[in-house]
Amino acid sequence: MKKKVLVLTAVMLVSALVFAACQQAAPTEEAAMAEEAAPAEEVAPTAEVVEAPALSGQLQIAGSTTVQPLAEELAAEFMDANPDVSIDIQGGGSSVGVTSAGDGTVDLGSASREIKDSEMEQYPDLQVFTIAYDGIAVVVSPDVALDNLTKEQVQAIFSGEVTNFSEVGGPDAPITVVSREEGSGTRAAFEELVMEYKDDAGEKQIKPIAENALLQQSNGQLRTVVATTPNTIGYLSFGFLDDSVKGVAIEGVEPTVENVKNGTYSIFRPLNLLTNGQPSELAQAFLDYILSDGQTIVAEDYITVSD
């Protein structure tokens, strides 16, 4: 009897241990359901980095000799940042810039003046991008003691009505007028901004440049002639002003970028790049650069488009 009790006790003890182990190992129904309901951990997809294609190709630009040195400086910076890009820039004058762009012989034309209505009629798809503004200064040779002129005096000198500096407060010396050639954007802007007047009927007219004026093909050439020829007077883009010539105040206002910005000096014009229709991808990229980071270069000698 004692032996049976011991066996029964052992059997009960083993059963209890087995039951306890099963209770530990088996998950509860609630836990199992929760485990099934829990969402699987999401793994974020790896983003693929797509680099913009490098710019490459060639651009041909021609036109204004005023725009040319600015465009060359802008192009140099742009090509440094884009080694596979080549930009060739030629002068010829603003009229050449308009016709070259309109005829599609260049990627970008350049003009240092407003585009004429007749040109827009000839090239109705012409697109105009103003990249800067530029003042025009009346300049005299270093030997001429003359600091200020009125607009009327400037008109009289450049039209040949006044022929001696003594007539406008300067030395007793004959005046030699130096001007840009026909087709020059600088000349066209000077004629419109300075030589324009109203006749007796109230109609706008432009006094013609003196027939005996020494005509020059670029701002650089005109500056050299005025700097080295006594008793001369001419007009220059602000971008070409230096100590070799003397800038003359107009109506008491000095020809400076700051005076253009503050509105006291009114002889200035736009510097434009032109395309026939929408620009090519490369031309658009160059224009985008000029109108953003390139404005830092513009600000060195010209007036930015935001001023």
(request) Tell me the strands (runs of 3 or more DSSP E) entirely within the stretch 205-307 that contain at least 1 residues that are surrounded by 22 or more Cβ atoms within 10 Å (Cβ to Cβ) and assigned by TED's automatic domain parsing to the domain that holds Gln122. (result) 268-276
(request) Taking Ala101 as the residue in question, decide whether it is among the aliphatic types (A, V, I, L, M) and either over 12 Å from Thr275 (Cβ atoms) or surrounded by fewer than 21 Cβ atoms within 10 Å (Cβ to Cβ) (or both). (result) no
(request) Among residues belonging to the stretch 167-186 that are out of contact with any helix residue (DSSP H, G or I) (no Cβ under 7 Å at 6 or more places or on another chain) and small (Gly, Ala, Ser), point out the one that is nearest to Thr224 (Cα to Cα). (result) Gly170
(message) Take the conditions in contact (Cβ under 8 Å) with a residue 12 or more places away in the chain, more than 20 Å from Ile267 (Cα to Cα) and touching a strand residue (DSSP E or B) at 6+ places or on another chain (Cβ under 8 Å) and apply them to Val139. Does it pass?
(response) no
(message) Suppose we keep only residues that are in contact (Cβ under 8 Å) with a residue 40 or more places away in the chain and β-branched (Val, Ile, Thr) within the stretch 144-166. Which one would you say is farthest from Thr229 (Cα to Cα)?
(response) Thr150
(request) Please find, within the stretch 176-192, the residue that is nearest to Asn272 (Cα to Cα) out of those that are among the hydroxyl-bearing types (Ser, Thr, Tyr) and not in a loop (DSSP other than H, G, I, E, B). (result) Thr186
(request) Restrict the check to the stretch 166-176 and report whether at least one residue is surrounded by 14 or more Cβ atoms within 10 Å (Cβ to Cβ), over 22 Å from Ser266 (Cα atoms) and within 30 Å of the chain's Cα centre (by Cα). (result) no
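Residues checked against (1) assigned to a loop (DSSP other than H, G, I, E, B); (2) modelled with pLDDT of 95 or more:
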site	(1), (2)
Ala31	no, no
Leu55	yes, no
Leu59	no, yes
Asp80	no, yes
Asp88	no, yes
Gly102	no, yes
Thr105	yes, yes
Ile136	no, yes
(request) Could you please let me know if Pro69 is touching a Phe, Trp or Tyr at 6+ places or on another chain (Cβ under 9 Å), modelled with pLDDT of 50 or more and surrounded by 10 or more Cβ atoms within 10 Å (Cβ to Cβ)? (result) yes
(message) Take the conditions under 26 Å from the mean Cα position of the chain (by Cα), farther than 30 Å from Ser292 by Cβ and not in a strand (DSSP E or B) and apply them to Glu161. Does it pass?
(response) no
(message) Quick test for you: out of Ser94, Ser110, Ser118, pick the one residue that is surrounded by fewer than 18 Cβ atoms within 10 Å (Cβ to Cβ), more than 22 Å from Glu254 (Cβ to Cβ), among the hydroxyl-bearing types (Ser, Thr, Tyr) and out of contact with any His (no Cβ under 9 Å at 6 or more places or on another chain).
(response) Ser118
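The values are calculated or read from the model by the stated rules, or taken from the named source; none is laboratory data. Owing to the predicted nature of the structure, the values given are computational and were not obtained by experimental measurement. When we count neighbours, we look across all protein chains shown, and the Cβ atoms used for this are built from the backbone with ideal geometry, even at glycine.
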